[in-house]
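**Q** Sharing a structure, written as structure tokens. Questions coming.
The values are calculated or read from the model by the stated rules, or taken from the named source; none is laboratory data. Fair warning: this is a prediction, and the values are worked out from it, not measured in the lab. Positions of Cβ are generated from backbone atoms using ideal geometry, with glycine treated the same way; all protein chains shown enter the neighbour counts. Only protein heavy atoms, including side chains, enter the accessible area calculation; ligands, DNA and RNA are left aside. Shrake-Rupley method; radii C 1.70, N 1.55, O 1.52, S 1.80 Å.
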Amino acid sequence: MLSKSYSQMIQTKGNFLWLIIASLLIIFAGLAAAPKAQAEILFEDHFNDASSLSKYTIIRGHAWIEDQQLHTQGYSGDWPRGSMVIPNGDPQWTNFKMSVEVQPIAGWQETRLYFPSESFNFDPSGYGFIGKGYVLSLDKETGIGPFELAPGEVAQFDTIILARVDCPAGGCGQNIVSTASFSPLNTPVDVNVIDNGKGHFQVFLNGTQYMDYTDPSPLAAGGIGLGGVWETHATFDNLVVQSIPEPETYAMLLAGLGLLGFMARRRKESTA
């Protein structure tokens, strides 16, 4: 018959073995999930030919492909003025990063990135929008307001404005929730917008972060849009929408590694 101490030793070793197996499974699950979450491309377009335009719905103004770029422009005299195109379909993206190269080339300096969700559109009764979503405006402002490009002038950005739109019908304005000002940046500018989920937004221009905002009552998930104000003629290039990992992915890795460290310490103490 096995002695009591020997039986306890066998049981202890068995418990350690099962804990090691469980820890490795947790780590492997996290490792398997992390690359998939990081590498998944939700939408991508480098506007290499005119067929790219078939991927989009023109909500306002007009759009075309030229010189391997997407061009948008609002119609002159058409109210409400402005332009917006969105990818076809009804994406319900959460935890995503949008990267795009932006440059206004005529008209007003201001261009816009949209986060449409529910029937997002221009408000036909006046300024602003109807539906639900977010609007990121990239602009250059003077002491009296937005600045219009002179012929041949290279556009600059020195201001970004994030507005929330929650307007079921005409007649209500957009709600500005965050702004940032900085030294003028020549365009084109590489814009990165990160939606970390739950209404948390970060904005980077040329790799530098200029905005970090969390909406306490976030709107639903949605897709993206590109465009500008009034008759602004703007170009967009190298558009990539990519998923970012859920926090739980790395939590799994840390939990597994922590459990292995705990077991190693306990085993060392039991053999001391």
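**Q** What's the percent breakdown of Cα-Cα distances in the range 144-236 across 5 Å bins, shortest bin first?
**A** The percentages, shortest bin first, are 3, 9, 19, 23, 21, 14, 8, 2, 0.
**Q** Can you give the local net charge around MET84? Use residues other than it whose beta-carbon is closer than 10 angstrom to its beta-carbon, Lys and Arg +1, Asp and Glu -1.
**A** Working: positive: ARG60, ARG112; negative: none.
Counting the neighbours of MET84, the net charge comes to +2.
**Q** Which order do PHE157, PHE182 take by accessible area at a 1.4 Å probe, largest first?
**A** Per-residue accessible area, sorted high to low, gives PHE182, PHE157.
**Q** Taking every Cα atom in the range 89-137, find the radius of gyration and the maximum pairwise distance Dmax, and write them in Å.
**A** For the range 89-137, the Cα radius of gyration and maximum Cα-Cα distance read 12.9, 34 Å.
**Q** Let me ask you something else. Stokes-Einstein diffusion coefficient for the range 143-195 at 4 °C in a medium of 1.567 mPa s, Rh from the Kirkwood formula over Cα pairs: what value in µm²/s?
**A** Translational diffusion coefficient: 93 µm²/s.
**Q** Roughly how compact is the range 76-225, stated as its Cα Rg over 2.2 N^0.38 Å to two decimals?
**A** With N residues counted in the range 76-225, Rg over 2.2 N^0.38 Å equals 1.02.
**Q** Please give the FRET efficiency for VAL154 paired with ILE41, using the beta carbon to beta carbon distance and R0 = 35 Å, rounded to the nearest 0.05. Walk me through the intermediate numbers first.
**A** Numbers: r = 31 Å, r/R0 = 0.90.
Calculated transfer efficiency: 0.65.
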